[in-house]
1. Which is farthest toward the positive dipole end of the chain among 124, 5, 70, measuring Cα position about the Cα centre, with Cβ charges +1 (Lys, Arg) and -1 (Asp, Glu)?
2. Let me know the charge dipole size of the range 272-374 about its Cα centre in debye, to the nearest 20, where only the beta-carbon of Lys, Arg (+1) and Asp, Glu (-1) is charged.
3. Straight-line reach only, C-alpha to C-alpha below 19 angstrom: list the lysines that residue 129 could link to, leaving out same-chain residues fewer than 8 apart.
4. Longest segment of the chain with no GluC sites (Glu not before Pro) in a DSSP loop having at most 16 other Cβ atoms within 10 Å?
5. Would you report the distance distribution of C-alpha pairs in the range 272-374 as whole percents per 10 angstrom bin, up to the bin with the largest distance?
6. Bin width 20 Å, origin at 0, all Cα-Cα pairs of the chain: what percent of pairs per bin?
7. Given points 7 Å out from each Cα along the Cα-Cβ axis, report the residue 295 to residue 357 separation in nanometres with one decimal.
8. Can you list the residues of the range 112-134 with backbone N under 18 Å from a point 7 Å past the Cα of residue 163, pointing along Cα to Cβ?
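Just so you know, all these numbers are worked out from the coordinates, no wet-lab data involved. The model shown is predicted, which means the values in this text are computed figures rather than measured ones. Here the Cβ is made from the backbone with ideal geometry for all residues, glycine too, and neighbour counts use every protein chain on show.
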Amino acid sequence: MYEVNRLALWQMGQELGFDAIGATTADPFPELVPRLAAYAARGRTGFEWEDIAERIDPKRWLPEARSLIAVALAYLTPAGRRLARRHPAKGLHGRLTVYAYGEDYHQVLARRLHLLHRALEAYLGRPVKARIAVDTAPLVDRAVAERSGIGWIGKNCMFYTDKHGSYVFLGTLLTDVEVEPGSPQPDRCGTCDLCLRACPTGALLAPGVIDAKRCLSYITQMKGIIPPEFRVALGRRVWGCDTCQWACPHNAAAAAAVHPEFLPQGELAYPDLIAILSWSNREFLRRYGRTAAAWRGLATWKRNALIALGNCRDPRAVPHVVPFLSHPRPELRASAAWALWRIGDPAGTAAVRAAYVREEDPAVKAEMAWAVEEG
């Protein structure tokens, strides 16, 4: 006899505003080991935890765990969809992924999972041991959600729900409560491979197989100098990438999200690239500190803005980019040099040639070598 059956769990989810909720046992996920090990061996992991044992065994995270409750919150609001489908035809603007339009989902989901914890205690009339996992814990949240029966994993490695497609955030509540488990759903992708063909960098190697280090979403968040082979593909992206999701027919019919926390915050979806270069940390946090796009900090945004300006290929950007050839951070100097090469304006080339003479970092100097060769 389960302490909480599926109906009771569903009712709690409805009251707390979750778009999907289900449960599975706290048993390990041994089926993940071969793939996780292969990803690690081939250097295809992104920000994932390195210890595979921690990723597949929930009881390493909560020894008393008996159940894992998976939840989903949809984030693509009608306003968000309209905003994402357009792009300024003129002007030096970048673009953000849709998930960064509203409030940071880590905080939104954590608040609701805390309420779910309290709801379980109220329902059972006893203290409940629990831990919350929202994208930052070792557990593979998509595997938990899949086994809980609230959706399936698409060929683009995104998690899908019937109603909202892949435009959902996932969270997990590990608990010592025995909750009636759900059953995994069948795959709904069929023979469609539009997402694989749409990926700008070929990061989707096969159905359900991704090289995370080729994914543009990862690349906008990585540290250091962005590898040259990805810079043109980045286009005007300042944070994240939605290409494989927009290509998906299932997402075309996705129901809109209703959560006010995820409504777009003003015109922040298309930031002024020149303005980004001049922002202080205070200004950056004032504008984007409440979103999920701020955690890497302003330097990462400035690096990405420099690459985006290069891809705009507009000479008006040159006087704003040139000062970054002397920036203390090597990734910004390197990005500025590439942007000026991409723009192709003579004044920019001359500035890079002068910077090359004084540059001491070998990696940055290599980025500037084109100016000397062309000179």
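1. Projecting each Cα onto the dipole axis, the largest value belongs to 70.
2. Computed charge dipole of the range 272-374: roughly 540 debye.
3. Answer for residue 129, where 19 Å is the Cα cut-off: 59, listed by chain and number.
4. 65-177
5. 17, 48, 27, 8, 1
6. Taking all Cα pairs of the chain, the binned fractions are 27, 52, 19, 2 percent.
7. Taking the simple label geometry, residue 295 and residue 357 are separated by 4.5 nm.
8. Only 112-113, 116 fall inside the zone, counting backbone N under 18 Å.
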